[in-house]
Amino acid sequence: MGNLLVHLNPVQGCNKVFEPGQYGMKLTRFSIVQLKQGTSWSADTGEFEAVLVLLGGKCSVKGKDFDFAEVGGRKNVFDGKPYTVYLPRRTQYTVTALTDMDFALNEAPATRDTARPTVITPEMTRTFPIGRDNFTRMATVMIDEKFDSEHFYIGEGMIPSGNWSGYPPHKHDIDNLPEEIAMEETYFYRFDPVQGFGIQKVYTVDGLIDETYTVKNNDTVAIAKGYHPLCGAPGYQMYYLWTMAGAVNRGLISGKDPAHSWVK
């Protein structure tokens with residue numbers, strides 16, 4: 001499958017990271033949009049549903065039948081929970097920066113009409129700890145299987161200094177309920193301080209995929225299949241946005257690597 005790591009040095013406007021069909025991803029288009037205060041960016045979802053996760057700053061999001069006058073609040077991803085905007089297919093919209101701001105743009109091909117344009121506020125998210133010892137982390141879920149999206153399940157991970165995440169190693173690339181749900185996944189990284197780094201592994205038991213990456217600020221890893229544990233360097237707080245997209249089912253149901261499943 002080749003290299004699954006994408007580096008990005010964001011500039012003003014829309015920074016496309018990958019399209020459906022690249023890196024084995026079938027259901028996800030991923031971009032980072034960066035805007036200076038007072039500037040605007042317009043788009044049309046077309047035949048895609050879209051989820052805008054505000055990484056930092058404030059904006060308005062307006063369209064034909066909706067007007068979200070002020071969305072956002074945190075200064076950056078380490079400054080609280082996110083505001084998220086969901087947009088269905090065939091929706092024209094304009095984002096105007098009320099402060100310097102940026103957001104992650106997640107898009108997936110839609111075959112039906114889904115939820116109306118919606119703002120998911122920080123109060124509407126759910127946050128919970130996962131793991132223990134040096135593989136504990138906090139997860140915040142903004143879009144889950146209860147939300148009327150065709151494909152998306154989206155959240156954020158906050159990893160303390162030197163800790164692991166996605167451990168024991170898990171995967172979700174086959175539909176085998178109730179044991180596993182097939183969902184491709186995108187990881188987008190930021191670090192505090194910004195010179196931080198982490199290690200991301202993606203592998204399959206048969207060895208056809210066996211990748212290990214150094215991930216840095218604004219890096220993205222596309223995970224179409226395989227186990228995908230990761231860890232952060234000591235001294236740095238690691239953030240990652242995880243965007244899961246499923247063709248049939250959605251949910252946090254994954255299969256563990258049998259070699260490491262004894263670690264509970």
*For segment 27-81, report the translational diffusion coefficient in µm²/s to the nearest whole number, using Stokes-Einstein at 20 °C, 1.002 mPa s, and a Kirkwood Rh over Cα pairs.*
166
*When the distances between all Cα atoms of the chain are binned every 10 Å from zero, what whole-number percent does each bin get?*
7, 31, 39, 19, 4, 0
_C-alpha center-to-center spacing [segment 54-78, segment 211-264] in angstrom_ = 27
_Neighbour-count order for 120, 253, 174, fewest beta carbons within 10 angstrom listed first_ = 174, 253, 120
*Lys and Arg at +1, Asp and Glu at -1: add these up for the other residues within a Cβ distance under 14 Å of residue 253 and post the number.*
-4
*Taking N as the number of residues in segment 91-237, what is its Cα Rg relative to 2.2 N^0.38 Å?*
1.14
*Using Cα pairs closer than 8 Å and at least 6 residues apart in sequence, work out the relative contact order for segment 31-78, in percent.*
28
*Taking every pair of Cα atoms in segment 55-157, average 1/r, invert it to obtain the Kirkwood radius, and report Rg/Rh to two decimals.*
0.99
*Which links in 62/225; 26/216; 26/75; 75/264 stretch past 30 Å when you go from one Cα to the other?*
62/225; 26/75; 75/264
*When the gyration tensor of segment 1-119 is built from Cα positions, what are the square roots of 5 times its three eigenvalues, in whole Å, from largest to smallest?*
22, 19, 12
*Förster radius 22 Å - calculated FRET efficiency between residue 134 and residue 212 (Cβ-Cβ, nearest 0.05)*: 0.70
*Could you sort 7-20, 198-211, 159-172 so that the peptide with the highest average Cβ count within 10 Å comes first and the rest follow in order?*
159-172, 198-211, 7-20
*Ranked from highest to lowest mean number of other Cβ atoms within 10 Å per residue, what is the order of the peptides 94-100, 125-131?*
94-100, 125-131
*Over the chain, what is the relative contact order in whole percent, taking alpha-carbon pairs under 8 Å and six or more residues apart?*
20
*Do you know the relative contact order of segment 151-264, to the nearest whole percent, from alpha carbon pairs under 8 angstrom that are 6+ apart?*
45
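Where a number appears in this text, it was derived from the coordinates with a stated rule and is not lab data. Just so it is clear, the model here is predicted, and its values are computed rather than measured. Because the Cβ atoms are built from the backbone with ideal geometry, glycine has one as well, and the counts that use them run over all protein chains shown.
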